[in-house]
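Asks: I'd like to ask you about the structure that follows.
The values are calculated or read from the model by the stated rules, or taken from the named source; none is laboratory data. Since we're looking at a predicted model, the values are computed, not measured. Please note: Cβ atoms are built from the backbone with ideal geometry, for glycine as well, and neighbour counts cover all protein chains shown.
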Ligand code: 1HN
């Protein structure tokens, strides 16, 4: 019998072990071909036939949304649906390569939510963890786990898994924020639970500012035991973030790719604010031209301030305030800043670190 490599197997061997092609029976009309067909009919797949199994990156492509183009649609959404009808008036930033999922990348959700003066987004809870990053307007609050959290521009708010949360706008202008969730994780594990609260708002039974007053001072209540998951600090106000970035800049701790970059820490563990998501703010001074960078972590960025450019995979985008873009795993990117740029971001790094997967490459 003539022995030639089956086409798929030859292909995969060439990729994995160039120059080491074993002779195997040809697929058509051979014992080997009949074997492969027979096992496939039994829902058995020969691993050695799999091409390109383990390599970093996904099929998800980078994407960019300019706030200038999204904002009018958010305002239109307010005419189209009431908050009551929509519960959450969110335009999902759905990656064009993941149509039908609502997700911005394989592991993360991102959406822009708008709430008009006087509106309430009723209370509910779910297993996915959520963050808010305030983009526009003032006078809105989120209530999380019994504490009312007034939100200002650039604040980052934590909603731990399974915590009751509702929102309201007590101000006079529309308020927009970025919602970041790890819903794809919960969906992946088949563990996406949701429960509405019986009333529109949950009882407020903690004093305003408690989570930051008690847990956000570099000291912790002596008997506090962390569950090791989400941060007990529920809001990271921008004024503190800005002061921390000022200190980094004063100390001259400039990263070649990210500029002055700080991650938000869970003060009880030193790790990330969520079990799945890492969250950061970076400042790149005017004229900064960053090194090329990639990591296995998928990252969602929101421009807080300034203008510049990002080279993201094969494309380049101008960056203006409140634009959002996603860098999928292992896609290289680099920044340049025209004015001082501040970029908020969240990624699946916490989950990847917990699993021992996370890798990065600078330059
Ligand atoms: C959610 O509960 C909110 O509470 C926002 O504001 C966006 C996207 C998917 C699933 C739940 C919110 C969400 C969400």
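Asks: For the range 80-96, which positions are surrounded by fewer than 16 Cβ atoms within 10 Å (Cβ to Cβ), near the ligand (Cβ under 10 Å from one of its atoms) and in contact (Cβ under 8 Å) with a residue 24 or more places away in the chain?
Replies: Result: 87, 88.
Asks: Continuing with this model, one more query. Specify the residue that is farthest from residue 342 (Cα to Cα); the eligible residues are those in the range 166-177 that are within 10 Å of the ligand (Cβ to nearest atom) and buried (at least 23 other Cβ atoms within 10 Å of the Cβ).
Replies: 167
Asks: Then there is this: Would you check if residue 101 is within 12 Å of the ligand (Cβ to nearest atom), surrounded by fewer than 23 Cβ atoms within 10 Å (Cβ to Cβ) and modelled with pLDDT of 95 or more?
Replies: yes
Asks: Scan 304, 322 and give me the residue that is in contact with a strand residue (DSSP E or B) (Cβ under 6 Å, 6 or more places away or on another chain), modelled with pLDDT of 95 or more and assigned to a loop (DSSP other than H, G, I, E, B).
Replies: Only one candidate qualifies: 322.
Per-residue answers, yes or no, for (1) buried (at least 16 other Cβ atoms within 10 Å of the Cβ); (2) under 20 Å from the mean Cα position of the chain (by Cα); (3) more than 21 Å from residue 82 (Cβ to Cβ); (4) more than 12 Å from the ligand (Cβ to nearest atom):
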position: 121; (1), (2), (3), (4): yes, no, no, no
position: 127; (1), (2), (3), (4): yes, yes, yes, no
position: 136; (1), (2), (3), (4): yes, yes, no, yes
position: 140; (1), (2), (3), (4): yes, no, no, no
position: 156; (1), (2), (3), (4): yes, yes, yes, yes
position: 180; (1), (2), (3), (4): yes, yes, yes, no
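Asks: Also: Hey, among 131, 112, 75, 149, which residue is away from the ligand (no atom under 16 Å from the Cβ) and either crowded, with 17+ Cβ neighbours inside 10 Å or modelled with pLDDT of 95 or more (or both)?
Replies: Sole residue among the options that is away from the ligand (no atom under 16 Å from the Cβ) and either crowded, with 17+ Cβ neighbours inside 10 Å or modelled with pLDDT of 95 or more (or both): 75.
Asks: Among helices (runs of 4 or more DSSP H) lying entirely in the range 25-135, which contain 1 or more residues that are under 30 Å from residue 160 (Cα atoms) and touching a strand residue (DSSP E or B) at 6+ places or on another chain (Cβ under 9 Å)?
Replies: Result: 67-80, 83-86.
Asks: Determine which single condition residue 236 fails, assuming it passes every other condition in (1) under 29 Å from residue 348 (Cβ atoms); (2) within 15 Å of the ligand (Cβ to nearest atom); (3) crowded, with 20+ Cβ neighbours inside 10 Å.
Replies: (2)
Asks: Within the range 189-198, does at least one residue satisfy the condition of being more than 29 Å from residue 118 (Cα to Cα) and within 10 Å of the ligand (Cβ to nearest atom)?
Replies: Within the range 189-198, one or more residues are more than 29 Å from residue 118 (Cα to Cα) and within 10 Å of the ligand (Cβ to nearest atom).
Asks: Do you know which residues across the range 188-232 are within 18 Å of residue 125 (Cα to Cα), surrounded by 15 or more Cβ atoms within 10 Å (Cβ to Cβ) and within 24 Å of the chain's Cα centre (by Cα)?
Replies: 229, 230, 231, 232
Asks: Scan the helices (runs of 4 or more DSSP H) fully inside the range 171-269 and keep the ones with 3 or more residues being out of contact with any strand residue (DSSP E or B) (no Cβ under 9 Å at 6 or more places or on another chain).
Replies: It comes to 210-215, 238-251.
Asks: Let me ask another. Looking at 198, 207, which one is touching a helix residue (DSSP H, G or I) at 6+ places or on another chain (Cβ under 9 Å), at pLDDT 95 or above and farther than 24 Å from residue 271 by Cβ?
Replies: Of 198, 207, the one residue that is touching a helix residue (DSSP H, G or I) at 6+ places or on another chain (Cβ under 9 Å), at pLDDT 95 or above and farther than 24 Å from residue 271 by Cβ is 207.
Asks: Continuing with the same structure: May I ask you to verify whether residue 125 is farther than 21 Å from residue 305 by Cβ and touching a helix residue (DSSP H, G or I) at 6+ places or on another chain (Cβ under 8 Å)?
Replies: Taking the combined requirement at face value, the residue does not satisfy it.
Asks: Now a separate question. From (1) surrounded by fewer than 23 Cβ atoms within 10 Å (Cβ to Cβ); (2) touching a strand residue (DSSP E or B) at 6+ places or on another chain (Cβ under 9 Å); (3) not in a strand (DSSP E or B), pick out the condition that doesn't hold for residue 317.
Replies: Going through the list (1) surrounded by fewer than 23 Cβ atoms within 10 Å (Cβ to Cβ); (2) touching a strand residue (DSSP E or B) at 6+ places or on another chain (Cβ under 9 Å); (3) not in a strand (DSSP E or B), residue 317 breaks only (3).
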